[in-house]
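One structure is given here, and the rest of the page talks about it.
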Amino acid sequence: MFSKKKFLFFSLVLLLIFAFKQADDYFEISKNLEIFGGVYKEIHTGYVDEIKPGELMKKGIDAMLGSLDPYTNFYTESQAEDAMIMRSGEYGGIGCSSFKRENYQYINIVYKGLAADKAGLRVGDKLLEINGKSFVGKSLDESGDALRGAPNTKVVLTIERDDVRKTIEITREDIKLKNVTYFGLINSETGYIKLDHFMIGAAKEVKDALLNLKQRGIKNIVLDLRDNGGGLLHESVSIVNIFNDINQVVVTTKGRSDEAFREYKTLDQVTDAQIPLTVLVNSHSASASEIVCGAIQDLDRGVIIGRNTFGKGLVQNTKVLPYGTQMKLTIAKYYIPSNRCIQLLDYTHRNADGSAGIVPDSLRKAFKTRNGRTVYDGGGVKPDLNVAENKLSNIAKSLEKNYLFFDYATHYRSQHESIADIRNFKLTEADFADFKSYVSTHNFNYSTNSENALKTLKEKVNEEKYLSSIQSEIDALENTLKKIKMNDLDKNKVEILEMLRAEIARRYYYEEAVIESTFDSDKDVLKAIEIFANPLQYQSILQVK
């Protein structure tokens, strides 16, 4: 009887403590809201300069959320509409994208078969006006807002092409962006699927692409998730389901609330549980991409190739707020089948400067895949086969930075009405000579590491009053470096021609051609083909029982 009374007593004490804590929390919330409101009111009524209340509140909210993590965000009414488009991939518009260069915007993608394409808009066109209003100096957001609109309405673009002004009238239509931006054959036995988004319908698009490729006789499949920043969690689960049997746990989410705790399993019959599979990833593969590649690794269903993924193991939910606003709130961490969380940065325990700390190797825990392979948490998904990143030469970086690949491709398109199909399109020696001539007449300057080092040396010896003594030697060295640099285009000819070929291909065959143009040189793709050609190595990586 005594122990029962004791138990009841302690239970009552715990309940009272919990009740007091809740009351204390509510008081703190109420108190701080009142303080915040008071500060906001005083600024609005008494600050020396006029302020915009909405902008001030937005900054205050952004600062508050910024102390949590980069994925908890507040959206104004207009931003909420953009966020909805990002989740669904659907909007009324013309089907193109642009980038800003100095004061002008240039079209860099025209989606095949959509309104802009049908009206004759081209990659490389310089945007001057929209509906008679100048867009010189305007932001990408402003042009995006002007181009979007209700389907079947018209928008008139004034562009510059080949130094000639041209007016193009485009009828807006329902635009549905694709999640699978390309699928096709690398060779007669190997299929390839490029998944760029996890918007609504992503899993269906992957499944349809796989079935199409199987009808064309493939024996292996490459799923490319490189540079895919993620999206809808349930689409990632359904994509894992395409390659794994029903009733497999793919991901579990855990957080403070009951809403945050959920277990996601494969719900449908598998599409193909046997076809050899490789998944390509890199440091920009994040979130839903990491659920897919992490689950495939944990279930020993395929070989992961590339570089370590980003390391985002956090889950967000969209919350509807008053006056059409929204917020995206981090509510949980997710755990893939081995029960590991791959979150890299710790936003709870920040460094002294306020930055998020990286989970150190010493604190990363080991977990086991289905077949007993050791994998680790806390640092993204580590590929089964690491392939070094293909780093560009300094001259290639500089040519790209100065838009010379982009501009020459536009020039090339104006001189050539058509080219061979992308698998057979090759640039000739004459084309390379023409490119070099083009570069030489377009104010192209770049500095090598050696030149930068020599410049630093020159500054130092000048500070120390030694320059006059060695001026002739430095001048000779500068002249020698200039002569060597003149050969950099030829020295990096293969790399330059590969990049130029891809950019030119985009002018004729859209984004699909850019992907196909890299198959012969893409190190990750070549590694996948190598693994498929050696079934014993493929199986040994997965330690198949």
Have a look at Gln274, Gln248 and point out the one that is in the same structural domain as Val303 (by TED's automatic domain parsing) and either within 26 Å of the chain's Cα centre (by Cα) or in contact (Cβ under 8 Å) with a residue 40 or more places away in the chain (or both).
Gln248
Selected residue [within 30 Å of Arg413 (Cα to Cα) and either at pLDDT below 90 or touching a helix residue (DSSP H, G or I) at 6+ places or on another chain (Cβ under 9 Å) (or both)] from Ile35, Ile107
Ile107
Within region 482-497, residues part of a helix (DSSP H, G or I), loosely packed, with under 15 Cβ neighbours inside 10 Å and either at pLDDT below 75 or among the aromatic types (Phe, Trp, Tyr) (or both) come out as Lys482, Lys483, Ile484
Identify all residues within region 344-396 that are touching a Gly at 6+ places or on another chain (Cβ under 7 Å) and of a type outside the set (A, V, I, L, M); write none if there are none.
Asp346, His349, Arg350, Asn351, Arg364, Gly379, Gly380, Pro383
Which ones in region 176-212 are in contact with a Gly (Cβ under 7 Å, 6 or more places away or on another chain) and either basic (Lys, Arg) or at positive phi (or both)?
Lys176
Looking at region 271-308 only, could you name the residues that are within 21 Å of Gln248 (Cβ to Cβ) and of a type in the set (Ser, Thr, Tyr)?
Thr271, Thr278, Ser287, Ser289
Restrict the check to region 386-405 and report whether at least one residue is touching an Asp or Glu at 6+ places or on another chain (Cβ under 8 Å), of a type outside the set (Ser, Thr, Tyr) and under 30 Å from Tyr334 (Cβ atoms).
yes
Looking only at residues that are over 21 Å from the mean Cα position of the chain (by Cα) and at pLDDT 90 or above in region 75-100, which one is surrounded by the fewest Cβ atoms within 10 Å (Cβ to Cβ)?
Gly92
Only one of Ala476, Ala513, Ala502 that is touching a residue at least 60 places away in the same chain (Cβ under 8 Å), among the aliphatic types (A, V, I, L, M) and either part of a helix (DSSP H, G or I) or touching a helix residue (DSSP H, G or I) at 6+ places or on another chain (Cβ under 7 Å) (or both)
Ala513
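Listed here are the residues, each with its yes/no results for (1) surrounded by 14 or more Cβ atoms within 10 Å (Cβ to Cβ); (2) among the small types (Gly, Ala, Ser).
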{"position": "Ser139", "(1), (2)": "no, yes"}
{"position": "Thr153", "(1), (2)": "no, no"}
{"position": "Leu157", "(1), (2)": "yes, no"}
{"position": "Thr190", "(1), (2)": "yes, no"}
{"position": "Asp227", "(1), (2)": "yes, no"}
Output yes when any residue across region 197-216 is loosely packed, with under 13 Cβ neighbours inside 10 Å, touching a strand residue (DSSP E or B) at 6+ places or on another chain (Cβ under 7 Å) and not assigned by TED's automatic domain parsing to the domain that holds Leu277, and no when none is.
no
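The values are calculated or read from the model by the stated rules, or taken from the named source; none is laboratory data. Predicted, not measured: the structure shown is a model, and the values here were computed from it. FYI the Cβ positions are ideal-geometry reconstructions off the backbone, even for glycines, and counts take in every protein chain you see.
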